[in-house]
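Each reported figure results from applying straightforward, stated rules to the coordinates on display, with no laboratory input. Bear in mind the structure is a predicted one, so any value in this text is a computation, not a measurement. Virtual Cβ from ideal backbone geometry, glycine too; neighbours counted across all protein chains shown.
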Amino acid sequence: MNLSTIWVVTPFGDDLVSGARSLADTVNAVTCSQAGVPGADLSLVIPEPSEGQMIEGYARGIADQLKARGAEVILFNADARSRLLAGLIATYLGTSAFTASGMQSEDGKLIIERTVYGGLATATLEVLTPTAVLVVPPGSLPIDQAQSGAGVVERLDLVPEETGLRVVANHPKQVQTVSLATASRVVAVGRGFAAEADLDLARKLAEKLDAELACSRPIAEGVNWLPTERYVGVTGATIAPDLYLAIGISGQIQHMVGVTKAKTIIAINKDKNAPIFAKADIGVVGDLYAVVPALIDALG
């Protein structure tokens, strides 16, 4: 397998190109952006889908281009649309798409990490297939902003296939700009908070620490107090901050797999038997409504 060149399929842009630099000297991209992908050596620009068209209609054409150019390692972002596109393109390339929570090159071999058994364990695997199609969750690769590619842009005149589906309406999703993958400090909240308004305590503490705010899955997908962009866990973001401060988070394995690379984990929980204390470097057993205000005051 040729690991000197990695391809990133990112129709609407993300930071995978920078992350791929940790593995390969040459990083090429496929995108809809007329300006190409920042940092890529080569950007293949496909037409932006016209009204009613699905981006998935380009899957076969993209696969043909990747095959013709000898692409062997192809990365996709982990959002729903990219996952679907990854599966389609993998099928056209005669392989399967896998989610990789980590990857590295060893003696010319591609080694990936995958969470298995619902997040209970991490499997380390050598990729033996001629072509590797990998879905990469946020934070799985280091981001190197210092390196940049040649910036060559090549436009492709691809015609999308009919998918059997047609877009009838678009409703913009309200998203927040979140930098969990690059944050050196993260304050995370869980169901120990009794009300949405109480999250202001965590926000004040995060401000004092110059930290990003994150959460466990129930906060994002249960009560919808925070957007999914801030969810850390097995199907959310994987992060590696210097400091991870978990407040009111029980610490089930499905959450902790997202912070296994954190250098220091501090946990605040009133339940002395909470699983998170087994993973924490520092544990505080106490009511968050007493501990967090005291921390804020101590930080001035």
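Over the chain, what relative contact order in percent results from Cα pairs under 8 Å that are six or more residues apart? Don't skip to the end; give the middle numbers.
Details: 659 pairs, mean separation 46.3, N = 300.
Normalised by residue count, the contact order of the chain is 15 percent.
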Taking one equal scatterer on every alpha-carbon of the chain, how large is log10 of I(q)/I(0) by Debye at q = 0.12, 0.16 1/Å? -0.83, -1.23
I'd like the orientation of helix 288-298 relative to the chain: the angle between its Cα long axis and the longest Cα principal axis, in ° from 0 to 90, rounded to 10. 90
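Explain nothing, just the number: relative contact order of segment 1-160, from Cα pairs under 8 Å at least 6 residues apart, as a whole percent. Write down the numbers at each step before the final one.
Values: 345 pairs, mean separation 51.0, N = 160.
32 percent.
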With Cα coordinates, the longest principal axis of the chain makes an angle with the long axis of helix 59-68, in degrees rounded to 10, of 70
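Taking the Cβ of each residue in 212, 106, 207 as the centre, tally the other Cβ atoms inside 10 Å and list the residues starting with the fewest. Let's see the in-between values first.
On the way: 212 20, 106 9, 207 13.
Arranged by neighbour count, lowest to highest, 212, 106, 207 become 106, 207, 212.
Could you work out the relative contact order of segment 180-298, using alpha carbon pairs under 8 angstrom and six or more residues apart, expressed as a whole percent?
Working: 258 pairs, mean separation 29.4, N = 119.
Relative contact order, segment 180-298: 25 percent.
Apply the a/c threshold of 1.5 to the C-alpha gyration tensor of segment 238-277 and tell me whether it is rounded, prolate or oblate. Kindly include the intermediate steps, with their values, before the conclusion.
Values: a/c = 2.59, a/b = 1.53, b/c = 1.69.
Judged from the Cα gyration tensor, segment 238-277 comes out oblate (a/c at least 1.5, b/c at or above a/b).
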